[in-house]
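Shown next, in structure tokens, is the structure this report addresses.
The values are calculated or read from the model by the stated rules, or taken from the named source; none is laboratory data. Owing to the predicted nature of the structure, the values given are computational and were not obtained by experimental measurement. No Cβ is skipped: glycine too gets one built from the backbone with ideal geometry, and neighbour counts run over all protein chains shown. Ligands, DNA and RNA are excluded from the accessible area calculation, which covers all protein heavy atoms including side chains. Shrake-Rupley method; radii C 1.70, N 1.55, O 1.52, S 1.80 Å.
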Amino acid sequence: MSEPLPLIAADQLADGESAEVVAAGRIFAVYRIGDVYHVLDGICPHSGGPLGKGTLNGCIVTCPWHGWQFDVTSGQNCLSASMPQQPHFQPEVIDGQVCIRLETPEA
């Protein structure tokens with residue numbers, strides 16, 4: 001198992017907020033829903049839009065460039081179930097930091 005990769009201080013995100021984070025040479029989108037954090041690959045597969053800067057409505061994020069939508073809890077594309085899931089990661093809060101382990105993408 002890889003070492004945890006810190007992405008953002010947990011207290012930097014309020015409920016319903018998102019952030020774009022660059023770590024380990026990649027872009028991640030971090031979301032907070034209640035006290036639960038979710039992490040997606042931050043690049044929209046449609047045209048490379050910034051998912052971390054999208055609008056979060058419940059558990060659905062809308063890409064700000066062309067409106068593609070994803071369920072942040074699973075990475076599922078909301079336009080079509082037949083489309084590939086957006087890679088997502090199981091975050092954990094360690095010492096106040098939202099962290100992921102890169103070798104365990106769930107999509």
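Data for the structure
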item	result
Which listed residue, of 93, 98, is of a type outside the set (Phe, Trp, Tyr), open to solvent by less than 40 Å² (accessible area, probe 1.4 Å) and in a strand (DSSP E or B)	98
Restricting region 24-43 to residues that are out of contact with any Gly (no Cβ under 8 Å at 6 or more places or on another chain) and assigned to a loop (DSSP other than H, G, I, E, B), the residue that is nearest to residue 102 (Cα to Cα)	24
Some residue of region 29-52 being in contact (Cβ under 8 Å) with a residue 40 or more places away in the chain, in contact with a strand residue (DSSP E or B) (Cβ under 7 Å, 6 or more places away or on another chain) and on the phi > 0 side of the Ramachandran plot	no
Test: residue in region 2-17 that is within 19 Å of residue 103 (Cβ to Cβ) and of a type in the set (S, T, N, Q)	yes
Filtered residues of region 33-44 (kept if surrounded by fewer than 18 Cβ atoms within 10 Å (Cβ to Cβ) and under 13 Å from the mean Cα position of the chain (by Cα))	33, 36
Candidate set: region 48-77, residues that are in a loop (DSSP other than H, G, I, E, B) and open to solvent by 60 Å² or more (accessible area, probe 1.4 Å); chosen: the one nearest to residue 8 (Cα to Cα)	73
Members of region 78-90 found to be within 20 Å of residue 33 (Cα to Cα) and part of a loop (DSSP other than H, G, I, E, B), listed by number	78, 85, 86, 87, 90
Some residue of region 44-57 being in contact with a helix residue (DSSP H, G or I) (Cβ under 6 Å, 6 or more places away or on another chain) and over 15 Å from residue 6 (Cα atoms)	yes
